1. Could you work out the local net charge near Arg55, counting Lys and Arg as +1, Asp and Glu as -1, over the other residues with Cβ closer than 13 Å to its Cβ?
2. Not counting ligands, DNA or RNA, and with a 1.4 Å probe, what is Arg50's accessible surface area in Å² rounded to the nearest 10?
3. For the stretch 112-160, divide the Cα radius of gyration by the Kirkwood radius and give the resulting Rg/Rh value with two decimals.
4. Using square roots of five times the C-alpha gyration tensor eigenvalues, list the equivalent-ellipsoid semi-axes of the chain in whole Å, biggest first.
5. How are the C-alpha pair distances of the stretch 30-83 spread across 10 Å bins, as whole percents from the shortest bin up?
6. Provide the packing ranking of 110-119, 89-98, i.e. peptides ordered by the mean count of other C-beta atoms within 10 Å per residue, highest first.
7. With a 1.4 Å probe and every protein chain left in place, tell me how much accessible area His130 has, in Å² to the nearest 10.
8. 222 nm [θ] for the chain, helices only, -39500 (n - 2.57) per DSSP H run of 4+, per residue, to 500?
Amino acid sequence: SGAGAHTPYGQWVVYRQKHLLVGAHRGDGRTYDLAQTVVAALAAELPDARARVARGPRPQRIASLMSTAQLRVAVLSQGEAALMAAGRPPFENYLPTPLQVLADLIDGYSVYGTPELPEDHAWLVTEALHAAGIARAPAVAGIPLHPGARLYWNGGATPG
């Protein structure tokens with residue numbers, strides 16, 4: 001209906017479609033600082049993504065948004081991501097979040113995507129972060145590589 005188009009939620013959907021939102025949360029200030037670094041790198045290397053930080057109040061909000069594909073990229077600590085992916089406390093009240101790693105950042109933090117992040121987008125984001133010198137191939141086992149990131153790190157061409 002036309003009336004629904006004027007709700008803030010409707011505008012949020014449109015905003016999400018036009019901007020690559022990179023999740024972070026207030027429970028771990030490092031996620032916000034690193035997400036800002038990721039967004040700055042994407043602005044330089046991949047300006048068409050129109051990347052923005054989306055900061056939630058708690059990591060559970062990020063889990064909720066990612067498990068429902070409302071948020072497709074986030075910066076998380078590897079320990080928190082492992083708990084989120086397994087649906088273990090403090091995420092036991094949320095669906096297990098099907099995280100896929102794109103790249104490692106620094107000090108135990110990585111960039112994660114969801115399966116709904118298209119392979120070509122994951123490849124481009126991974127390539128941009130690596131080209132900016134802030135990301136490296138993921139080292140930690142446990143959370144699978146996003147197929148687009150795997151293709152990039154294995155030297156494959158952009159999918160699609």
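The values are calculated or read from the model by the stated rules, or taken from the named source; none is laboratory data. Owing to the predicted nature of the structure, the values given are computational and were not obtained by experimental measurement. For neighbour counting, all protein chains shown are included, and Cβ atoms are generated from backbone atoms with ideal geometry for every residue, glycine included. The accessibility values were calculated without ligands, DNA or RNA, using every heavy atom of the protein model including side chains. Shrake-Rupley method; radii C 1.70, N 1.55, O 1.52, S 1.80 Å.
1. +3
2. 110 Å²
3. So for the stretch 112-160, dividing Rg by the Kirkwood Rh gives 0.93.
4. So the equivalent ellipsoid measures 23, 20, 15 Å along its semi-axes.
5. 23, 53, 23, 1
6. The packing order, highest mean first, is 110-119, 89-98.
7. Using a 1.4 Å probe on the heavy atoms, I get roughly 80 Å².
8. Numbers: 6 runs with 66 residues, N = 160.
Result for the chain, helices only: -12500 deg cm²/dmol.
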